[in-house]
1. Among the residues of segment 190-210, how many are assigned to a helix (DSSP H, G or I) and either of a type in the set (Phe, Trp, Tyr) or crowded, with 18+ Cβ neighbours inside 10 Å (or both)?
2. Please pick out the residue among 104, 87 that is surrounded by fewer than 24 Cβ atoms within 10 Å (Cβ to Cβ) and either of a type outside the set (A, V, I, L, M) or over 25 Å from residue 35 (Cα atoms) (or both).
3. Any chance you could count how many residues in segment 29-43 are free of Cβ contacts under 8 Å to residues at least 12 places away in the same chain and assigned to a helix (DSSP H, G or I)?
4. I'd like to know if segment 9-20 contains one or more residues that are surrounded by fewer than 21 Cβ atoms within 10 Å (Cβ to Cβ), at pLDDT 95 or above and acidic (Asp, Glu).
5. Six or more apart or on different chains, Cβ atoms under 6 Å: show the pairs whose first residue is in segment 108-129 and touching a residue at least 60 places away in the same chain (Cβ under 8 Å) and whose second is in a strand (DSSP E or B) and surrounded by fewer than 20 Cβ atoms within 10 Å (Cβ to Cβ).
6. Which numbered condition in (1) in contact (Cβ under 8 Å) with a residue 40 or more places away in the chain; (2) outside any loop (DSSP other than H, G, I, E, B) is the only one that residue 25 fails?
7. Just the residues that are of a type outside the set (A, V, I, L, M) and touching an Asp or Glu at 6+ places or on another chain (Cβ under 9 Å), please, taken from segment 117-128.
8. So residue 109 passes all but one of these: (1) more than 12 Å from the chain's Cα centre (by Cα); (2) closer than 19 Å to residue 192 by Cα. Which condition number does it fail?
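The values are calculated or read from the model by the stated rules, or taken from the named source; none is laboratory data. These numbers come from a predicted model, not from an experiment. Virtual Cβ from ideal backbone geometry, glycine too; neighbours counted across all protein chains shown.
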Amino acid sequence: MTETQEMVEEKAPVLVIPQLIVGLGNPGAKYDRTRHNIGFDVVDRLAQFWQISLSENKKFQGVFGEGLGPGSTKVRLLKPLTYMNNSGQSIRAILDWYKLPPESVLVIYDEMDLPIGKLRLRLSGSAGGHNGMKSAIAHLGSQNFPRLRIGIGSARSAEANRDSVSHVLGKFSPSEAAIVSDVVKLAAEAVEFSLKQGVEKAMSFYNSRSIPERQK
């Protein structure tokens, strides 16, 4: 192999195609449609897109389904039922069962540091203070797996004197909910794009996009 060939091989990006799509959230009706559960909402939308049936799987400690994604790609969907702080237990159970590497997991979750209407795809990174991601990183033993953060806005930009816990466990206002519905759809499209052309290409296409605030 020539030196030029070696340089080309070193620079060639690794195509990362997710095999397990995980949406983070909390189980139970009281948490339904809250900001912290937007990962669940995206997984539900993907299940509709791909006509994958989701059901509780006690072995995986979550709501789980598998089927075919775009291009007849085998894909698995998961909503952990361990509560947010122990999400990694459920993810780890699936990785062990199917013998999947951490980098095959795409985790979808809420992000207070992003405004409502924005998405951020990344190939790796820290938990950034998110307890569900802290658990995922701890149980996977790695930060090197893709993640899709969905903006829910900060408590400071919401109502005055609301703390972070109240903010993330609260529901979107009617005006926010209209935007979030479009954001969930956009996030599902970004995941589908990742399965077709890889996470890195999806990053360049979707990280610059946003859902504009609707006029009152």
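1. 11
2. Answer to the check: 104.
3. So the answer is 2.
4. no
5. Cβ pairs passing all conditions: 117/210; 118/210.
6. Condition (2) is where residue 25 drops out.
7. Matches in segment 117-128: 117, 118, 120, 124, 128.
8. Of everything listed in (1) more than 12 Å from the chain's Cα centre (by Cα); (2) closer than 19 Å to residue 192 by Cα, residue 109 misses just condition (1).
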